[in-house]
Amino acid sequence: MLSILSSWRAELQATHYKMAGETGSQSTNAAGCLTVDISALSRNYDALARKAYPSRVAAVVKADAYGLGANRVARKLYQRGCKKIFVAQLMEACDLRPALPPDAEIYILNGLQPGSERHCAAEALVPVINSIEQWKNWKSLAIELGRRLPAVVQFDTGMSRLGIAPDERRLLAEELTQGSRHIDILYLMSHLASADDEYSAQNDNQRAAFARIKSEFPGYGFSLANSAGVFLGEDYCETLARPGIALYGGSPLTMNNLMEPVVQLDVAVIQVRVVPGGTKVGYGGVHITTAETRLATIAAGYADGIPRSLSGRGAAYYQGTRLPIVGRVSMDSTIVDVSALPVGALQLGSLVEVIGPNQTIEDVARDAATISYEILTGLGHRFCRVYR
Ligand SMILES: *Cc1c(COP(=O)(O)O)cnc(C)c1O
């Protein structure tokens with residue numbers, strides 16, 4: 001395993017140099033390499049599909065597939081048999097449409113703003129209807145076009161974020177009896193607020209609320225679970241589950257992570273130096289060395305998704321050795337203490353691991369006092385990207 005890893009690292013280092021040499025300034029200045037293991041992503045999809053069976057499993061690829069590249073991810077999962085893809089916004093759906101075959105269904109979680117219905121219908125996209133107003137706007141267009149338009153209807157079961165409120169259900173029921181000639185409802189859905197906490201009573205409350213909706217509106221397809229919801233058990237999977245983070249290797253639950261890691265981030269060293277004890281390091285001089293220290297500056301900072309909250313807290317790794325972040329994370333660079341490494345181990349252009357076998361996205365998120373979702377979606381665009 002170790003030798004596979006180190007030979008992969010050598011290959012990556014070679015690729016990094018090669019790209020830097022071949023393609024000129026853009027790659028020469030790449031902050032590092034973001035590697036997306038697209039086959040691990042596929043296996044995560046398969047694992048979720050097995051777990052949710054006989055429920056179907058869609059893929060949530062909003063926010064550019066949590067920063068990993070929506071087109072690549074959606075195409076790969078489509079080949080794997082995943083024909084139902086969720087994004088958050090109309091523009092995301094429009095960008096994805098040409099990348100996928102016509103039988104891929106693309107759903108827009110945030111629904112439609114007034115005036116965008118025509119665009120949505122023209123691109124053959126499926127809006128999630130979150131209010132009576134959106135329902136009426138979509139129905140009007142269907143009547144005008146003289147054809148049935150597809151939709152998902154979302155209900156608020158306790159998160160108070162999006163969806164038809166409990167006191168609007170009667171109105172919706174009336175609309176459904178008249179309006180279903182015009183709108184083809186593919187699923188009724190809701191979203192769990194606390195699924196990552198399997199002991200939260202909110203899960204049961206939302207499931208019960210959803211059960212009432214199912215009995216009021218029988219005969220449709222239903223969708224409730226996100227990644228964590230799939231692991232709450234079969235009661236939550238319904239007709240269609242909608243995982244996102246678990247596909248990308250994030251932990252669906254707070255406890256042990258059952259998913260395979262998908263992302264590796266290696267960042268280039270751009271300076272190595274030795275400083276005596278008593279030296280201030282980084283902005284504000286908040287870190288002062290206590291003894292002679294070897295430092296390396298790496299080419300990524302908060303603009304690249306290394307959270308500023310990692311100042312003086314997180315670490316990078318080199319061949320298994322922990323290199324603590326010292327001082328404040330800057331916009332384009334971060335300083336790490338490399339005293340634990342042999343002299344000369346790191347040089348200009350060496351790559352150090354920020355996300356990888358030594359440090360998962362969950363580890364980075366914990367150190368930064370955030371969640372893996374924010375780490376992934378924050379990854380910047382100044383890395384070269386390798387899909388393997
Ligand atoms: C983001 C989102 C998902 C996916 O959630 P994960 O926790 O990433 O699995 C599913 N459904 C809705 C409505 C969402 O907004």
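At a glance:
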{"item": "Amide N proximity, the stretch 153-171 versus S200 label position 7 Å along Cα-to-Cβ, cut-off under 18 Å", "result": "155-163"}
{"item": "For the stretch 246-251, 3J(HN,Hα) per residue [Karplus equation, 6.51 cos²θ - 1.76 cosθ + 1.60, θ = phi - 60°, Hz, x = Gly/Pro]", "result": "5, 4, 8, x, x, 7"}
{"item": "Cα gyration tensor shape for the stretch 197-252, rounded if a/c is under 1.5, else prolate or oblate", "result": "oblate"}
{"item": "Surface/4 of the Cα convex hull for the stretch 135-262, nm²", "result": "8.8"}
{"item": "For the chain, built as a Gaussian network whose Cα springs stay under 10 Å, the top-fluctuating residue of A70, A52, A209", "result": "A209"}
{"item": "L253 paired with D363, simple spin-label distance in nm, labels 7 Å along Cα-to-beta-carbon", "result": "2.2"}
{"item": "Euclidean distance between Cα centres, the stretch 242-294 to the stretch 340-388, Å", "result": "6"}
{"item": "Estimated FRET transfer efficiency when R0 is 45 angstrom, pair D167-I288 (beta carbons, to 0.05)", "result": "0.15"}
{"item": "Label-point separation in nm, Q178 to Q79, each point 7 Å along Cα→Cβ", "result": "4.9"}
{"item": "Under-5 Å amide H pairs with V386, H placed in peptide plane, nonlocal only", "result": "L34, T35, V36"}
{"item": "In range of the label at E144: residues from the stretch 101-122 whose backbone nitrogen is under 14 Å from the point 7 Å along Cα→Cβ", "result": "113-122"}
{"item": "Relative contact order [Cα under 8 Å, 6+ residues apart], the chain, whole percent", "result": "17"}
{"item": "Mean Cβ count within 10 Å, highest first, over the residues of peptides 377-386, 229-238", "result": "229-238, 377-386"}
{"item": "Average projection area in nm² (convex hull over Cα atoms of the stretch 68-188, one quarter of hull surface)", "result": "7.8"}
{"item": "Cα long-axis angle, helix 2-22 against the chain (0 to 90 degrees, to the nearest 10)", "result": "90"}
{"item": "Degrees between helix 70-79 axis and first principal axis of the chain (Cα, 0 to 90, nearest 10)", "result": "60"}
{"item": "Inter-site label distance for D235 and A340 at 7 Å from Cα along Cβ, in nm", "result": "4.4"}
{"item": "Length added when fully stretched, K214-V275, from 0.36 nm per residue minus Cα-Cα", "result": "15.3 nm"}
{"item": "Degrees between helix 169-179 axis and first principal axis of the chain (Cα, 0 to 90, nearest 10)", "result": "70"}
{"item": "Geometric extent, Cα atoms of the chain - Rg, Dmax (angstrom)", "result": "24.0, 79"}
{"item": "32 Å Cα-Cα threshold exceeded, pairs from K84/K214; K51/K136; K76/K136; K83/K136", "result": "K51/K136; K76/K136"}
{"item": "Dipole of the stretch 344-386 [Lys/Arg +1, Asp/Glu -1 at C-beta], most positive-end residue of Y373, G344, C384", "result": "C384"}
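Throughout, read-outs are computed from the coordinates displayed, never taken from laboratory work. What you are looking at is a predicted structure, and each value in this text was computed from that prediction instead of being measured. When we count neighbours, we look across all protein chains shown, and the Cβ atoms used for this are built from the backbone with ideal geometry, even at glycine.
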